[in-house]
Amino acid sequence: MKWHQKEISLEPRGRGFHLITDEVVNQLPDLKEIKTGLMHILIKHTSASITLNENYDPDVRSDMEKYFNRTVKENEPWYEHNSEGADDMPAHIKSTLIGSSLTIPITNGKLNLGTWQGIYLCEHRNHSGSRKIVVTIFGEEKV
Amino acid sequence: MKWHQKEISLEPRGRGFHLITDEVVNQLPDLKEIKTGLMHILIKHTSASITLNENYDPDVRSDMEKYFNRTVKENEPWYEHNSEGADDMPAHIKSTLIGSSLTIPITNGKLNLGTWQGIYLCEHRNHSGSRKIVVTIFGEEKV
Amino acid sequence: MKWHQKEISLEPRGRGFHLITDEVVNQLPDLKEIKTGLMHILIKHTSASITLNENYDPDVRSDMEKYFNRTVKENEPWYEHNSEGADDMPAHIKSTLIGSSLTIPITNGKLNLGTWQGIYLCEHRNHSGSRKIVVTIFGEEKV
């Protein structure tokens, strides 16, 4: 049984949905030692989120940004939490709608995702720096 | 410590929300050997999702389908990703709103769900075949 | 490798979003024995949910309640499942939008959350009693 846990600072990105599978996996050489296990990711913020979605067409990511901006509008007159600007409360709501953690199976040293699945960082603020994630990988080791 | 991982092809179903608890559990005889542990499910697709919800009244599942069709509309003029039809981009958005993985506690060889909780397959496409899930069960074995 | 699983009955709370991090952690003395691991929580209900969000300003929690009441309205004429009142079907939908489980990393005997992250109980019914959660903590023990 192997456990490996690492805090990773992701490259800063602008508001929107971004594919980060390779950036995460490249920092986890221990992944390939696990035969059967899981990888868990937590994003340590309440104004960004992570999800799995389509890893090929960038239009999916821009349509996703458009959808969430329409369903969680800025400047709603009933927002009381808005001290950090128009993108403040919407970012918190999007974070809870999408979620702040992911768990993915590991099989024979690799993430066992569908062909078209990739990990998205969903950045909900206009101006944020690097986002921190905690990655925990655990499982049975290869012999 | 026991690990068991299995890829399961679910029976094909039409668009909508479907209760699949029994179909999943019946294919996991190893479940009953685990005293304390967890079961993780990943659906390997970006146009279907999984969730826990009410396992009794089928109206909950049809109302759920109606809600998600209203909150994520087809044929929005601003969708750019629509090469596979009107249900294409809405399916991706619903997948991220609902989520593509679930983790459930195992206690004394059984899923430890609430009385009214069941596992739903949420099929967001009009015409899709069988959906694949990866199920990972792990925990302390019974003695 | 340590496993600890416990069912906890949360204090009853009114409809809304409530910070429960301390209430949960205070009932888990075993947490501090784990060096590297995870904590999983399942809420055993289909009309309440759990999420991570901002742990400081209570306005975030009241704005969150307002947002979800607007995006999942009561008394929609097309709801067929409404035998328990106007808050019945909306509670089920909110439960699937937000989610019924959470997984959080444990590092050196403590939850490894971001500075501003806390665990929310999201109570979607007007009149419910205590809610039950199953908490599973597991990982490598401290030496």
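What the table shows:
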{"read-out": "Given (1) open to solvent by 10 Å² or more (accessible area, probe 1.4 Å); (2) touching a Phe, Trp or Tyr at 6+ places or on another chain (Cβ under 9 Å); (3) not small (G, A, S), index of the condition B:N53 fails", "value": "(1)"}
{"read-out": "Which listed residue is closer than 20 Å to A:N26 by Cβ and open to solvent by 20 Å² or more (accessible area, probe 1.4 Å), from A:K66, A:K110", "value": "A:K110"}
{"read-out": "Qualifying positions in region B:119-133 - buried (at least 21 other Cβ atoms within 10 Å of the Cβ) and assigned to a strand (DSSP E or B)", "value": "B:I119, B:Y120, B:L121, B:C122, B:E123, B:I133"}
{"read-out": "Every residue from region B:82-94 that is more than 8 Å from chain A (Cβ to nearest Cβ) and open to solvent by less than 10 Å² (accessible area, probe 1.4 Å)", "value": "B:D88, B:P90, B:A91, B:K94"}
{"read-out": "Where a residue in region B:53-81 is more than 7 Å from chain C (Cβ to nearest Cβ) and its partner, wherever it lies, is of a type in the set (D, E, K, R) and open to solvent by 50 Å² or more (accessible area, probe 1.4 Å), with Cβ under 9 Å and at least six apart", "value": "B:E65/B:R15; B:R70/C:E76; B:E76/A:R70; B:W78/A:R70"}
{"read-out": "Selected residue (only one of A:L102, A:L97 is open to solvent by 10 Å² or more (accessible area, probe 1.4 Å), touching a residue at least 12 places away in the same chain (Cβ under 8 Å) and within 24 Å of C:L102 (Cα to Cα))", "value": "A:L102"}
{"read-out": "Filtered residue count, region C:95-107, keeping only those that are more than 7 Å from chain B (Cβ to nearest Cβ) and not in a strand (DSSP E or B)", "value": "1"}
{"read-out": "Residue that is farthest from the other protein chains (Cβ to nearest Cβ) [pool: residues in region B:108-143 that are more than 30 Å from B:M89 (Cα to Cα) and among the β-branched types (V, I, T)]", "value": "B:V143"}
{"read-out": "Some residue of region C:27-44 being under 19 Å from C:R125 (Cα atoms) and more than 7 Å from every other protein chain (Cβ to nearest Cβ)", "value": "yes"}
{"read-out": "Matching residues, region A:4-45, being buried (at least 18 other Cβ atoms within 10 Å of the Cβ) and touching a Gly at 6+ places or on another chain (Cβ under 7 Å)", "value": "A:L31, A:I34, A:T36, A:G37, A:L38, A:K44, A:H45"}
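The values are calculated or read from the model by the stated rules, or taken from the named source; none is laboratory data. Every value quoted in this text rests on a predicted model; they were computed, and no experiment measured them. Note: ideal-geometry Cβ built from the backbone for every residue, glycine included; neighbour counts use all protein chains shown. Side chains are part of the model used for accessible areas, which takes the heavy atoms of the whole protein and leaves out ligands, DNA and RNA. Shrake-Rupley method; radii C 1.70, N 1.55, O 1.52, S 1.80 Å.
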